[in-house]
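First the structure, in the form of structure tokens, and then the observations on it.
The values are calculated or read from the model by the stated rules, or taken from the named source; none is laboratory data. No experiment lies behind these values; they were computed from the predicted model shown. Cβ placement follows ideal geometry from the backbone for every residue including glycine, while neighbour counts extend to all protein chains displayed. Just so you know, the surface numbers come from the protein's heavy atoms only, side chains and all, with ligands and any DNA or RNA stripped out. Shrake-Rupley method; radii C 1.70, N 1.55, O 1.52, S 1.80 Å.
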Amino acid sequence: MPVAASAIYFLNLRGDVLINRLYRDDVGGNMVDAFRMHIMQTKELGTCPVRQIGGCSILYMRISNVYIVIVVSSNANVACAFKFVVEAVALFKSYFGGAFDEDAIRNNFVLIYELLDEIMDFGYPQNLSPEILKLYITQEGVRSPFSSKPSEKPVPNATLQVTGAVGWRREGLVYKKNEVFLDIVESVNLLMSSKGSVLRCDVTGKILMKCFLSGMPDLKLGLNDKIGLEKESQLKSRPAKSGKTIELDDVTFHQCVNLTRFNSEKTVSFVPPDGEFELMKYRITEGVNLPFRVLPTIKELGRTRMEVNVKVKSVFGAKMFALGVVVKVPVPKQTAKASFQVTSGRAKYNASIDCLVWKIRKFPGQTETTMSAEVELISTMAEKKQWTRPPIQMEFQVPMFTASGLRVRFLKVWEKSGYNTVEWVRYITKAGSYEIRC
């Protein structure tokens, strides 16, 4: 559920109301007195930003020397409420020249009331974009004498943006060369047993875009996700093409994505912002292609010696390669020194992190390499505690490889002028929490 705020108050540190706005009549005006009595005077500020008082929820945040208090009578979305406060403060700062404090509020009563009427309607958050609001609320605030931020000029052709159709992109953009860059960046999280069985595995990914397109283009992105391919085959009344499909979990989109079209057609359609932005984030828990397999063997030979053997095998294609591969093998704190034999890369003992660090600059696909080490331990007279073996950790980057198997099937650009575009697509997989028990 959205915020559905009943009232919003701005108080100074003494608890005096600087300005307030009532959006609903389901709470009384005494709620601000309850905030002063039960929270400010009892010195419970900072313990919890959400309190239940008299059947209402009070959500508050301190910005500079001002408390912003939101009163809700229903079960509201707390995260959305605090996000609204942060965005509203950023909006006020853009009008006040970068300052938001008690003096700025006292000097801009009329402007704040006008903004509060625009950014929230009947308790529900509306448009908080400074660029759009300045197109039709052109009054300038009383700026702080310490602010050197220049006054921003309103952007012309505001009608389309004010209606909320495309609030993240202005009209009139012109580029000599129209290009779109799309990067799929994934992080692999793994916990593997010492025998090579997977205990936990998932992939978190994001699609980053950088657009340099003229006019007001409409983009359509097709991925090899299972639901999208099935929906496309239904719309075209033909069987889906064979090939690997994936199931995306926990998908979140940038505000530019047309969610109505996504729900009906399962295609990502959007008018992109200008420049760089994050189009979507996702998570995958099934069908993960692990880029590396690690088989460790650690033997403790008495009180003063250890033998460490680690075999690493790359599972991705032979024409690919990984960069910046780092394998960290933990050793006991009483380690004195270590001697190594490696088939690739370099290895050394790092006493600051109690690990044998094995670095390989470039690791080709479908190959395996090994590290053997003899570790000498310091003999102590004290009773030896059982060494709890922490997991081996890996770091790497694999260009043009996705652990989830996600692929871009098409990226189409439509614009009324019909210009040609150049599309660039890249893939990269990185190590998240990539751990192997030993």
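Some values worked out for this structure:
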quantity	calculated
Matching residues in region 170-206 - criterion: being open to solvent by less than 20 Å² (accessible area, probe 1.4 Å), under 21 Å from the mean Cα position of the chain (by Cα) and under 30 Å from residue 134 (Cβ atoms)	none
Selection within region 329-348 - in contact (Cβ under 8 Å) with a residue 24 or more places away in the chain, open to solvent by 50 Å² or more (accessible area, probe 1.4 Å) and of a type outside the set (S, T, N, Q)	336, 337, 340, 342
Failed condition for residue 38, given (1) of a type outside the set (A, V, I, L, M, F, W, C); (2) open to solvent by 20 Å² or more (accessible area, probe 1.4 Å); (3) without any contact (Cβ under 8 Å) to a residue 60 or more places away in the chain; (4) not in a helix (DSSP H, G or I)	(4)
Matching residues in region 55-71 - criterion: being surrounded by 14 or more Cβ atoms within 10 Å (Cβ to Cβ) and either at pLDDT below 85 or more than 19 Å from residue 102 (Cβ to Cβ) (or both)	56, 57, 58, 59, 71
Selection within region 81-104 - over 26 Å from the mean Cα position of the chain (by Cα) and either crowded, with 19+ Cβ neighbours inside 10 Å or of a type in the set (Lys, Arg) (or both)	95, 96, 97, 99, 100, 104
Test: residue in region 380-398 that is of a type in the set (Val, Ile, Thr), touching a residue at least 12 places away in the same chain (Cβ under 8 Å) and open to solvent by 60 Å² or more (accessible area, probe 1.4 Å)	yes
Test result for residue 313, more than 29 Å from residue 403 (Cβ to Cβ) and either open to solvent by 30 Å² or more (accessible area, probe 1.4 Å) or β-branched (Val, Ile, Thr) (or both)	no
Members of region 105-129 that are of a type in the set (D, E, K, R) and assigned to a helix (DSSP H, G or I)	106, 114, 117, 118
Residue tally, condition charged (D, E, K, R), under 13 Å from residue 375 (Cβ atoms) and not in a strand (DSSP E or B), over region 307-352	1
Condition broken by residue 52, with the remaining ones in (1) at pLDDT below 90; (2) assigned to a strand (DSSP E or B); (3) open to solvent by less than 70 Å² (accessible area, probe 1.4 Å); (4) not acidic (Asp, Glu) satisfied	(3)
Single residue of region 425-438 satisfying the filter (under 18 Å from residue 223 (Cα atoms) and out of contact with any Leu (no Cβ under 7 Å at 6 or more places or on another chain)) that is least open to solvent (accessible area, probe 1.4 Å)	429
Residue among 19, 53, 68 that is touching a His at 6+ places or on another chain (Cβ under 7 Å) and of a type outside the set (Ser, Thr, Tyr)	53
One residue from 223, 208 being at pLDDT 95 or above and closer than 25 Å to residue 265 by Cα	208
